Every structure is written in C-alpha cells, then in structure tokens.
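The values are calculated or read from the model by the stated rules, or taken from the named source; none is laboratory data. Bear in mind that the values here come from a model prediction, so they are computed numbers and not experimental data. All Cβ positions, glycine included, derive from the backbone under ideal geometry; neighbour counts span all protein chains shown. Side chains are part of the model used for accessible areas, which takes the heavy atoms of the whole protein and leaves out ligands, DNA and RNA. Shrake-Rupley method; radii C 1.70, N 1.55, O 1.52, S 1.80 Å.
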Amino acid sequence: MTPPYHSGVDEIAGRWIPLGLVYLAGAARQAKLDAEIYDAMAKGHAYPEIEQHLRDSMADYVASSAITATINDAVKTLELAKRIRPDTVTILGGVHPTFMFDEVLANSAAVDYIVIGEGEVTLRHLLEVLEAGGDPEMVAGIAFRRDGAVVKTARRNLMETLDDLPAAWDLLDWGDYYSLVIPDSRMGAISTSRGCDQDCTFCSQQKLWEKTWRARDPRKVADELEYLHTTHHVNVFMITDEYPTRSRERWEALLDALIAKGLPVYLLMETRAADSIRDRDIVWKYRKAGIIYVSIGIETADQATLDTMRKGMFVEEAKQVIDILREQEIVSEGSFMVGFPDETSDSIKKTMQLAQHYNPDIANFFTFTPWPYADGYNDLKPLIRVHDYAKYNMVDPVIELCNMSIFQVEVAIADGYRRFYMGKVIEYMTMKATFKRDYLMRITKLFMGSSFVMKKLGIGILGKIPAKMEEMRRGRKG
C-alpha cells in the first residue's frame, strides 16, 4: 500500500500509478500469496479510511515503500496496521529505508522488516521463508531486529535481467489514474530500464542502483505498452526510467518498435540534455513514437556549481535541446535547482534569468535538499533548520543558506515563477492551434488554479493569470 502523503505539486497534473508496487505484488504472488494493491495516496484516503480498509482486509502482511518525504506516513501506516492486528507482519522498502534502516528500526517498533535496495526477489524470498517458518537471517538484502539489536543480512545482487519482472497489472484500480492535462485519459507508467551510472551528487538514484544501468528488451517493452493500451485502455504513459536514453542503439530500437505498433498513446519522459543533442537526427522518431513531453534537468546558471554537483553537463547544452524539441512540437520542461549552501540572491536571479532566456515550455524551480544518506550530508548539518522529513520534498527549503534565509529563498522561487509564467501566458495563447498549445494551456490553468500553488507563491499577479487567459480565449473566439 502507499502512504497518504501529498506534497501539493505532483498531483496537480494527474494521478500516477505506483509502478513499484505492481512488481512487488507480482513478487508476493510468486510466493504463493494472495496480493492486493491499496493506493491510499491516489484515492485521496486519509487515516480513517485507511484504518477501515485494513480492518476489512485483515492482511497477514502489510508492505509499503518510502522516499524521505513519505517515510513518516509510511511508518505511521504500518503502526496503524499493527494496532489493528498485532500479529500482522510489516515490511518497508524504498530508497530512504534502504540507507536509513538503523534509524527507522530504532524509531518504530511497528516495522518488522526492511527490504534493502531492489525489492522484488528479496520480498519473494522473505515471504517464502516466513511462510515456511524459517529464519529470516537467511534472506539476503533485509534488516530487522533480533534480541534488541539490528541485524543486516548479506547483500543481495541486483537482478541480471529485468525482462521477467512479475507485473500484477490487474490489481490496480485503473479508474484512479488519469491525466488532468489530456482529456479522457487513463494514466499508466512503464519502466524500460533501471539505474544511472552518472555521478550527480544530489541524486539518490545512482546510489540506490549502485551506479549501474540495466535495460529491458525494447520489443518486450513495446509489447507491454501495447498490452496495457488494449487491455486496460491506458493512453498516457510516464516512462519512469532514471536514464532511458543511455544507449543510442537500444533507445532507437525502442522508438522503432513503438512506431511499428502505431498506438494512439502519449509518452512523457526525462533524460539528459547531451543525449537529446546526440539524437538530433532522430528526434522526429521521439514524436512519431508518441513522446510529447521531455524533461531536462538544467539545474543552475553557474557552470562551477554544475561541476561541483558532478552533473556532467554544460549550461549551454540545455538551450540546444529546447530548440531541438521545439522543432518537433514536443513539450520541453526545464527543471532548475536553487538554494545551494553558498547561493546568493544574485546567483538565484541568474538562474531565473537563464530560465527566461532558454525559454522551455515549462519551468520548475526545486530547492536543493540534503538527503540524510547522501555523501556530504554531515558537512551540511549545521545549515539544516527543518528536521521534519515530510518537508524533504524539493519544494520546501530545509537549510539556512550562508547568505540567505529560508524565507528569502521561498520569495526568490515565487518571484522566479511569476516572472517566467507571466511571459508564457501570452506565448501560449498566440501559438498556432496544435496539440502542444492545448496541452500547455490546460497545464497552466491547472497550475495556477491549484490552492497549494497559490498559497506557496502568493495570489498577487499570479492569481490574475487564469482570468487573463479566459479573457484572451474569449477574444480569440470572438
């Protein structure tokens, strides 16, 4: 099950399937157990509804997954399961418990087992051992308490192939998943690879996947996408890969396989700027395969900061990518990061100006967040002012900068959004009537109509944007 965590940002554009739980439920079935996926987050259920659902299910095992921002709610959910039925076995996995298992087990007696790293094989083995009454210490890749001490078992190797992942697609309540940007849609997700072998210091994924990259057979990916479209009527897919385009040969084979299927679907993805520049001659295949949205992590206007982050990117590359995507009518998103320890108001202003100069279709401004398991975290501890993990969502600043207060960073981010989107409204409205224009108009209305966004950014000028858009729309219609 998912914990009832809401950051106020991710759900503005729709509801996303918990792809990891689809595979984990499949692993539970391989262990000869009946499985259920309960997505409390997507259903908008709070703890009273969750309690009732747990009472009704009377599950022998309750498992959840957590990133840093969701760890508190994940643990609270497992505590609730224990209160309802003390003999329920609780299992927790995900990136935060993987690296912080000592802290999690020390702080909550309600967590019985933590799955470390890649979970499918480990979960299946753990369930089989527990069902047989065996010793969990023989299961590689877990941590648990025994006689008051934390036991961490042997490391489990990553799976050699991802093509045989057990996917319990039938356990999803598909009506819960949709895009608010694309009308009459059903939202799905698909994984074509796992991992990233880059060195970005701020990213948790390369650490989770041990700086490896493994890819699925492109034909099997295309077959799976076709199955989800024909069987479950999914027409919008998030490609969840950390780095889908690492191999040009393999990536082009996937594009060709999707083009051959000719499915009426929309694909959204994130990748590296250098790869899109590399693929300039085949970006038309991106669009023909169904890719309508590409997100690029630009991060900052300061090349020295990019080098310190070991991003492996030149600032100028981002502008090339945005221009390449624009030629193919693909929506470009530039993600920027502010709030680095030595950030100043001038350096943030330069990043905001860079966003306007590069002019992606959509810009997001995230705050630098020191993950508690990241390299260099201890060096940043003196700057940390917020210790509630629920705020570690890259939306809320959690460190006091050397030159700026948390409040000043929040104001700078709000100002960046105002400046960027006030200029974009007219640009969207004056675009020729295409799918891309309609997409951008709808997502902007959703963004500006969000009470969370209005609270974060302040009503002010931003609050006038939906009315201005409606005024311009009526004028165009007239």
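When the C-alpha to C-alpha distance is required to be over 24 Å, the pairs from Lys285/Lys436; Lys32/Lys152; Lys220/Lys436 that qualify are Lys32/Lys152; Lys220/Lys436.
Descending by average beta-carbon neighbour count within 10 Å, the peptides 143-154, 44-55, 66-77 line up as 66-77, 44-55, 143-154, the highest first.
Estimate the FRET efficiency between Glu249 and Glu49 by the formula 1/(1 + (r/R0)^6), using the beta-carbon distance for r and 51 Å for R0, to the nearest 0.05.
0.60
Taking all protein chains into account, the per residue accessible area for segment 1-148 stands at 41 Å² (1.4 Å probe).
Which helices of the chain meet both criteria: a Cα extent of 27 Å or more along the helical axis and a mean Kyte-Doolittle score no lower than -1.0, with helices taken as whole DSSP H segments?
Correct list, ordered by number: 406-429.
Summary value for segment 72-217: 15 percent relative contact order, contacts being C-alpha pairs under 8 angstrom separated by 6+ residues. Surface composition of the chain: carbon plus sulfur atoms hold 51% of the accessible area, using a 1.4 angstrom probe and ignoring ligands, DNA and RNA. Heavy atoms of the protein chains alone define the surface here; on that basis segment 365-457 has 47 Å² accessible area per residue at 1.4 Å probe size.
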